[in-house]
Amino acid sequence: MKIRKAVIPAAGWGTRFLPATKALPKEMLPLVDKPMIQYVIEEAVSCDLEQIIVITSLGKGAIEDHFDRDFELEYFLEQKGEKRLLKEVRRIAELANICYIRQREQLGLGHAVLAARGLVGDEPFAVFLPDDVFDAEVLLLKQMLDVYQRYNGSVIAVRRVAREESRRYGIIGARQVEERVYQVLDVVEKPEPDEAPSDLAILGRYILTPEIFAALETTAPDRRGEIQLSGGLKQLLQKQPVYGYEFEGKYYDAGTPLGLLKATVSLALDHPEMGAEFKEFLRRLAADL
Ligand code: G1P
């Protein structure tokens, strides 16, 4: 079945970025010259997804404004003859068919995904976490869609991490079925290194069958009272196979200030207009270190 819908959880507090995120949604922090969330929406559109469902919360209005028409701004740019900017501003507003759902309480990633149930309905869908930034020749979700078509089951992106890093990710226990594809046998959210079932960590791209919703409904909250998507996946794989797709390539966890900085530097180096000058700047800076 074709994947038509994308769910983008964007309701979190962004506490790791305070005070920057006191009045600004974390997802609106820029990566070079675009807000983080615009990258994932563009990624979803490039994968031919037709409907984008963004899960928001109080104080996230800037996201809706960003993807909306702004006639005053367009008029102003038109008057000034800023054709390129005008085109870009209009393009963003016409980028995708986006709808928003307010998650009234932030009760975890699984709870946020469950909030999209009514709009997703009974069909498979993709989940994009805006914090996870990938730099790959073929978009990661495109690679995963291929695995989904061949195996006809949920597919989650995974990557090998150092054992000490297991505390930051959902970790899967798995059996390899082909190069870079695993059948998931277990999922543990943020385990201590000695309790991690492997070194394969879940990254923020998922293709999920609609049965995940029933699984999330019966998932008990964790110690912090949150319903984790990992918990739902663990239930789901008892009913149907779930696959992990190993991503090899550049990945940045832009969910922390240092990760965002690394992602920004890396993307800026590839930027068609700024890249060359920025590289020269970094060279000179490094020479002084
Ligand atoms: C979430 C998931 C975790 C996954 C991670 C990927 O954690 O709960 O399983 O490994 O995203 O970035 P978070 O980063 O929201 O704490």
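Things to note:
Conditions tested, residue by residue: (1) within 17 Å of the chain's Cα centre (by Cα); (2) not in a helix (DSSP H, G or I).
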site: Gln238; (1), (2): no, yes
site: Tyr245; (1), (2): yes, yes
site: Ser266; (1), (2): no, no
site: Glu273; (1), (2): no, yes
site: Leu282; (1), (2): no, no
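- From the options Gly255, Gly225, Gly204, Gly231, residue that is among the small types (Gly, Ala, Ser), near the ligand (Cβ under 10 Å from one of its atoms), out of contact with any Pro (no Cβ under 7 Å at 6 or more places or on another chain) and over 24 Å from Met36 (Cα atoms): Gly231
- Candidates Glu273, Glu217, filtered to the one that is in contact (Cβ under 8 Å) with a residue 24 or more places away in the chain and charged (D, E, K, R): Glu217
- Long-range neighbours under 6 Å by Cβ, at least six apart or interchain, first residue touching a residue at least 60 places away in the same chain (Cβ under 8 Å) within the range 127-140, second assigned to a loop (DSSP other than H, G, I, E, B): Asp131/Ala254; Asp131/Gly255; Val133/Ala254; Ala136/Gly249; Leu140/Phe247
- Residue within the range 155-162 that is surrounded by 17 or more Cβ atoms within 10 Å (Cβ to Cβ), near the ligand (Cβ under 10 Å from one of its atoms), part of a strand (DSSP E or B) and not aliphatic (A, V, I, L, M) present: yes
- Any hit, the range 127-146, residues being away from the ligand (no atom under 13 Å from the Cβ) and under 21 Å from His111 (Cβ atoms): no
Each row is one residue, and each column tells you yes or no for (1) in contact with a strand residue (DSSP E or B) (Cβ under 9 Å, 6 or more places away or on another chain); (2) free of Cβ contacts under 8 Å to residues at least 40 places away in the same chain; (3) of a type in the set (D, E, K, R).
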residue: Ala6; (1), (2), (3): yes, no, no
residue: Trp13; (1), (2), (3): no, no, no
residue: Met28; (1), (2), (3): yes, yes, no
residue: Pro35; (1), (2), (3): no, yes, no
residue: Val40; (1), (2), (3): yes, no, no
residue: Leu49; (1), (2), (3): yes, no, no
residue: Phe67; (1), (2), (3): yes, yes, no
residue: Glu78; (1), (2), (3): no, yes, yes
residue: Lys83; (1), (2), (3): no, yes, yes
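- Looking across the range 135-144, the residues that are under 12 Å from Ser46 (Cβ atoms) and open to solvent by less than 30 Å² (accessible area, probe 1.4 Å) come down to Leu140, Leu141.
- Looking only at the range 165-187, residues that are buried (at least 19 other Cβ atoms within 10 Å of the Cβ) and closer than 19 Å to Asp132 by Cβ come to 8 in all.
- Meets criteria (in a loop (DSSP other than H, G, I, E, B) and among the aliphatic types (A, V, I, L, M)) for Ala20: yes
- Restricting the range 50-66 to residues that are among the hydrophobic types (A, V, I, L, M, F, W, C) and not in a strand (DSSP E or B), the residue that is farthest from Ala11 (Cα to Cα): Ala62
- Pairs linking a residue in the range 193-205 that is under 28 Å from Val138 (Cβ atoms) to a residue that is assigned to a helix (DSSP H, G or I) and open to solvent by 20 Å² or more (accessible area, probe 1.4 Å), with Cβ atoms under 8 Å and 6 or more positions apart or on different chains, are Asp199/Arg163; Ala201/Glu165; Ala201/Arg168.
- Filter result (surrounded by 13 or more Cβ atoms within 10 Å (Cβ to Cβ), aliphatic (A, V, I, L, M) and assigned to a loop (DSSP other than H, G, I, E, B)) within the range 188-224: Ala196
- With respect to the conditions (1) assigned to a helix (DSSP H, G or I); (2) under 26 Å from Ile41 (Cβ atoms), Arg150 lacks only one, and its number is (2).
- Screening the range 83-110 for residues that are surrounded by 15 or more Cβ atoms within 10 Å (Cβ to Cβ) and in a loop (DSSP other than H, G, I, E, B) and picking the one that is nearest to the ligand (Cβ to nearest atom) gives Gly108.
The values are calculated or read from the model by the stated rules, or taken from the named source; none is laboratory data. Keep in mind that this is a model prediction, so the values were computed, not measured. Here the Cβ is made from the backbone with ideal geometry for all residues, glycine too, and neighbour counts use every protein chain on show. Areas reflect the complete protein model, heavy atoms only, side chains present, ligands, DNA and RNA absent. Shrake-Rupley method; radii C 1.70, N 1.55, O 1.52, S 1.80 Å.
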